[in-house]
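The values are calculated or read from the model by the stated rules, or taken from the named source; none is laboratory data. This structure is a prediction, so every number in the text was calculated from the model and none was measured. Note: ideal-geometry Cβ built from the backbone for every residue, glycine included; neighbour counts use all protein chains shown.
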Ligand code: SAM
């Protein structure tokens with residue numbers, strides 16, 4: 001059975017728009033050539049520089065939690081291979097916009113070359129910046145949705161502040177294993193949080209902060 005059908009059967013993929021995006025944006029276009037034969041496997045794969053393209057099950061779970069709508073403005077932190085950004089761009093459609101941040105310049109280049117295959121750079125639907133995503137992208141805030149693909153020790157305040165009222169953020173939080181946390185901004189000063197334990201991500205490296 002193919003990977004997408006497997007994710008549908010196990011109820012990780014539910015929303016027809018997300019299913020369509022997973023079908024359109026092929027994971028094989030976002031991995032290293034040497035992994036081509038395992039592109040459809042439900043596991044993270046190395047993309048170089050000690051980083052990975054995330055496990056499909058986890059990406060599906062986070063996309064479903066985000067409850068994305070066409071036309072939304074999304075911030076994607078930990079651009080990596082560009083796969084998650086491309087799925088986000090596909091879901092929010094031609095009237096939406098994705099701003100992505102990656103801290104490793106070579107990976108940003110790798111991801112950009114991957115998303116070019118889908119015309120997302122030319123059409124300006126995804127904008128990629130190299131830098132520390134824990135600071136967010138204040139010049140483009142507020143965001144309707146924020147997706148973080150690396151684990152924060154603690155949810156950065158910058159990201160909470162850059163979320164639009166009514167907006168949603170999904171972020172892995174914790175040190176050894178992580179909870180995926182769904183945060184919703186209810187008003188200027190109120191946020192709700194829901195936690196989903198048992199995930200494992202590479203760390204979100206924050207400038208001027210040690211991991212221990
Ligand atoms: N979403 C990516 C994809 O679809 O391929 C995979 C994410 S990978 C698990 C995590 C990425 O976050 C890595 O590329 C890593 O370099 C990046 N990263 C870690 N800390 C970061 C930070 N502070 N700002 C931006 N990117 C960061």
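Data overview
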quantity: One residue from 94, 73 being away from the ligand (no atom under 13 Å from the Cβ), surrounded by fewer than 17 Cβ atoms within 10 Å (Cβ to Cβ) and in contact (Cβ under 8 Å) with a residue 24 or more places away in the chain; calculated: 94
quantity: Filter result for the condition that a residue is touching a helix residue (DSSP H, G or I) at 6+ places or on another chain (Cβ under 9 Å) and farther than 18 Å from residue 146 by Cβ, over 45, 75; calculated: 45
quantity: Which numbered condition residue 67 misses (of (1) under 18 Å from residue 171 (Cβ atoms); (2) crowded, with 19+ Cβ neighbours inside 10 Å; (3) in contact (Cβ under 8 Å) with a residue 40 or more places away in the chain; (4) touching a strand residue (DSSP E or B) at 6+ places or on another chain (Cβ under 7 Å)); calculated: (2)
quantity: Unmet criterion (only one of (1) crowded, with 23+ Cβ neighbours inside 10 Å; (2) farther than 15 Å from residue 29 by Cβ) for residue 51; calculated: (1)
quantity: The one condition in (1) surrounded by fewer than 17 Cβ atoms within 10 Å (Cβ to Cβ); (2) at pLDDT 95 or above; (3) away from the ligand (no atom under 16 Å from the Cβ); (4) at negative phi that residue 127 fails to fulfil; calculated: (3)
quantity: Enumeration of residues in the range 144-157 that are farther than 19 Å from residue 27 by Cβ, touching a helix residue (DSSP H, G or I) at 6+ places or on another chain (Cβ under 9 Å) and either in a strand (DSSP E or B) or modelled with pLDDT under 95 (or both); calculated: 144, 145, 146, 148, 152
quantity: Residue count for the range 77-125, restricted to those that are in a strand (DSSP E or B) and over 17 Å from residue 18 (Cβ atoms); calculated: 6
quantity: Exclusive hit being under 14 Å from the mean Cα position of the chain (by Cα) and more than 9 Å from the ligand (Cβ to nearest atom), set 13, 88, 32, 7; calculated: 88
